[in-house]
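What follows is a short report on a single structure.
What follows is calculated from the coordinates using simple rules that are stated; it is not laboratory data. It should be emphasised that the depicted structure is a prediction, and the values quoted were computed from it without experimental measurement. Cβ placement follows ideal geometry from the backbone for every residue including glycine, while neighbour counts extend to all protein chains displayed.
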Amino acid sequence: MSATVIDGKAAAAAVISRVRERVESLKARGVVPGLAVILAGEDPASQVYVRNKIRKCAELGIDSRRIDLPGDVTMEEMLSVIRKLNEDPAVHGILVQFPPPPQLSQEKIIDAISPSKDVDCFSSCNVGRILEGRTDGFLPCTPAGVLELLKFAGIDPAGKHAVIVGRSNIVGKPLAALLMQKNKGANATVTVVHSGTPDIARYTRDADILIAAVGRPRFITGGMIKPGAAVIDVGINRVPGENGKSVLAGDVDFGSAADVAGAITPVPGGVGPMTIAMLMNNAVLAAEQAVKNA
Ligand code: GUN
């Protein structure tokens, strides 16, 4: 292995320590940031993600409110819960863990959350701000975490070719928007490849910064990477391991990739901790903005 491993836990700790200071400063003014997290159904991966978010809130002194809804919850019931939280001044941020059960519309959920409490940065209004290059509001958690990781590793995207594998609304599209802006820590030339792209490796081999967010375990192998490139693995996939137990695998085949890349993030311990850190950042920002607008 020749690549430097980028330590997502250390990068996240740096973000968290800045967030903690802001929580303290809000508390000194009598305001406790409040984050509501809604989970519908019992998807095991979602349960783990929600538990980790709630735990991080507790560590930071953010007042979390976990709302568990049954897997057969109706759209009307979900919307009614969201509307109540929109009206609750003690709740500054609202997050509905995705994917929701199939009878619920993801778009209707997103549209129902007040943009001022949209700590996921999923609403059309907040996504539009990102596309415009405005960075003074909520930032999408995983994409912002990727930019922060690059900064932590001393990798400046400016003038580089960043290739994103995957075009999801949660990662690929907003990450492309962030990376292409004429902003500090961005200003890259961005290519997005996806399931409709013939010969994906033709593009990935040209990437100075390669970001895998495709949701397919070990999809990116060493032969698809330019020597010395920075490789950021956003994937979290459960795959069968030894002894019948499942193990976590990224979208990158770490073993072969680390022989070619210059820097690489591990799974777990890479992008994952950054996503939660950026969520905490947005929760505190939501509370700060509520104070400012009061
Ligand atoms: N499911 C997978 N990633 C995310 C995320 O960033 N936010 C929410 N709400 N659900 C998710």
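Given the pairs LYS56/LYS160; LYS56/LYS84; LYS9/LYS245; LYS84/LYS173; LYS184/LYS245, which span a C-alpha to C-alpha distance of over 32 angstrom in this model? Cα-Cα > 32 Å for LYS56/LYS160; LYS184/LYS245; rest within.
If each residue's Cβ is checked for other Cβ atoms within 10 Å, how do SER46, SER64 rank with the fewest at the top?
Least crowded to most crowded, the residues run SER46, SER64.
Listed peptides 31-41, 201-211 appear in the order 31-41, 201-211 once ranked by packing, highest mean of other Cβ atoms within 10 Å at the front.
Report the full-extension gain for the segment LYS182 to SER124: residue separation times 0.36 nm, less the Cα-Cα distance, to one decimal in nm.
Residue separation times 0.36 nm, minus the Cα-Cα distance, leaves 18.7 nm.
Peptides 265-275, 124-134 ordered by packing proxy, namely the average of other Cβ atoms within 10 Å per residue, highest first: 265-275, 124-134.
Taking all Cα pairs closer than 8 Å and separated by 6 or more residues, the relative contact order of the range 141-202 comes to 36 percent.
Estimated from the Cβ-Cβ distance and a Förster radius of 35 angstrom, the FRET efficiency linking ARG134 and LEU79 is about 0.80. Among the helices of the chain, those built from whole DSSP H runs whose Cα atoms reach 20 Å or more along their own axis and whose mean Kyte-Doolittle hydropathy is at least -1.0 are 8-28, 44-60, 271-293. Near HIS194: Cβ cut-off under 12 Å, other residues only, Lys/Arg at +1 and Asp/Glu at -1. The net charge is +3.
Between the residues CYS57, LEU69, GLN47, the greatest Cα displacement towards the positive end of the dipole of the range 8-88, with unit charges on the Cβ of Lys, Arg, Asp and Glu, is found for CYS57. The protection proxy used here, the mean number of other Cβ atoms lying within 10 Å of each residue, ranks peptides 238-244, 178-184 as follows, highest first: 178-184, 238-244. Among PHE138, PHE122, the ranking by other beta carbons within 10 Å of each residue's beta carbon, starting with the fewest, stands as PHE122, PHE138.
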